[in-house]
1. When all alpha-carbon pairs of the range 98-337 are counted, what percent fall beyond 34 Å?
2. Peptides 252-259, 41-48: what's the order by average Cβ count within 10 Å, highest mean first?
3. Using the number of other C-beta atoms within 10 angstrom as an exposure proxy, rank 313, 331 with the fewest first.
4. Simple spin-label model, 7 Å along Cα-to-Cβ: residue 84 to residue 134 in nm?
5. Using R₀ = 35 Å, calculate the FRET efficiency as 1/(1 + (r/R₀)^6) where r is the Cβ-Cβ separation of residue 200 and residue 93; round to 0.05.
6. So, R0 is 51 Å and r is the distance between the beta-carbons of residue 328 and residue 46; what FRET efficiency does that work out to, to 0.05?
7. Take the Cβ-Cβ distance between residue 104 and residue 155 as r, set R0 to 22 Å, and report the resulting FRET efficiency rounded to the nearest 0.05.
8. Using Cα-Cα distances under 8 Å and only pairs 6 or more residues apart, what relative contact order does the range 98-337 have, in percent?
Ligand code: GTP
Ligand code: MG
């Protein structure tokens with residue numbers, strides 16, 4: 001991965017070189033360098049989607065054993081080795097962290113008010129959760145960010161490609177084409193660079209993340225969308241007794257997504273519905289599904305509400321370094337605008 005150089009087609013149809021994030025430059029060691037990993041084990045790990053050290057280092061022995069079909073003792077040893085080689089076992093200095101933060105890129109939403117609310121746009125190396133009731137514009141924002149990600153950096157894009165996990169069958173290529181045309185992009189080229197998979201259930205949804213891991217060896221991924229993050233989990237894990245296993249799965253799913261965003265300096269956008277909670281007397285009667293786990297895993301949370309005249313109010317919640325606030329956006333035929 002160290003010298004990976006990728007090309008993307010710019011809006012004039014020419015191929016451009018895209019410098020890869022420098023975070024990857026240090027990752028010289030590969031899984032073959034792990035102690036006790038011979039060709040057969042390396043193959044098993046790769047087949048299970050573990051082709052970089054960071055991916056292994058953050059696993060628990062039980063999980064790795066299960067997913068890569070290895071013994072638990074072996075898994076434990078491999079994880080220890082990966083932690084050393086991937087150099088994530090200890091603390092980083094503030095200046096190293098600052099270096100990493102400097103790699104963060106910002107993706108424009110199409111609305112300057114919303115970009116401003118987010119401190120310049122949607123940040124890479126983060127998970128952003130967009131939640132709100134039906135028709136509040138979550139999927140529309142997903143479509144718009146997919147198109148914008150394809151654009152060159154100097155136009156607020158990320159000059160990369162997109163993976164879109166669609167759980168509700170609401171991805172519309174026609175809508176992408178419409179939004180692409182509105183920014184002067186060739187619609188066919190745009191659709192070529194947005195990779196969509198329909199997830200049929202929560203297990204499939206999680207497997208698709210492994211598939212993204214595999215495919216992003218040759219595809220310069222800058223945006224991963226899961227729309228919706230929670231719908232399958234909510235439908236499949238019903239009742240109080242299922243709450244804990246559901247949260248565990250969601251937690252793992254989000255960890256894997258976060259990992260991808262770090263490794264590729266990419267943005268992860270997840271959407272989430274709100275549950276009507278008529279029992280509450282004070283505060284907002286709606287609550288995001290998934291509770292603490294989703295809230296904590298997300299770096300940014302945007303709450304969307306429908307407003308008058310087709311407008312939407314986006315509220316920033318729980319940001320690590322930005323003040324809470326509102327932005328008014330509208331969904332028009334060109335896409336998301338002020
Ligand atoms: P759920 O997935 O049902 O929870 O809703 P959501 O939050 O994903 O809503 P979505 O993003 O699908 O928003 C749907 C709304 O966007 C519609 O009710 C329209 O108001 C608006 N919309 C969608 N497509 C167009 C379009 O082509 N033109 C215009 N002007 N508005 C559109
Ligand atoms: Mg939707």
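Please treat every number below as a calculation from the coordinates, not as lab data. Not measured: the values here are computed from a predicted model. Because the Cβ atoms are built from the backbone with ideal geometry, glycine has one as well, and the counts that use them run over all protein chains shown.
1. Beyond 34 Å sits 10 percent of the P(r) for the range 98-337.
2. Ranking the peptides 252-259, 41-48 by packing returns 252-259, 41-48.
3. 313, 331
4. Taking the simple label geometry, residue 84 and residue 134 are separated by 5.6 nm.
5. 0.20
6. That gives a FRET efficiency of 0.60.
7. 0.80
8. Relative contact order of the range 98-337: 28 percent.
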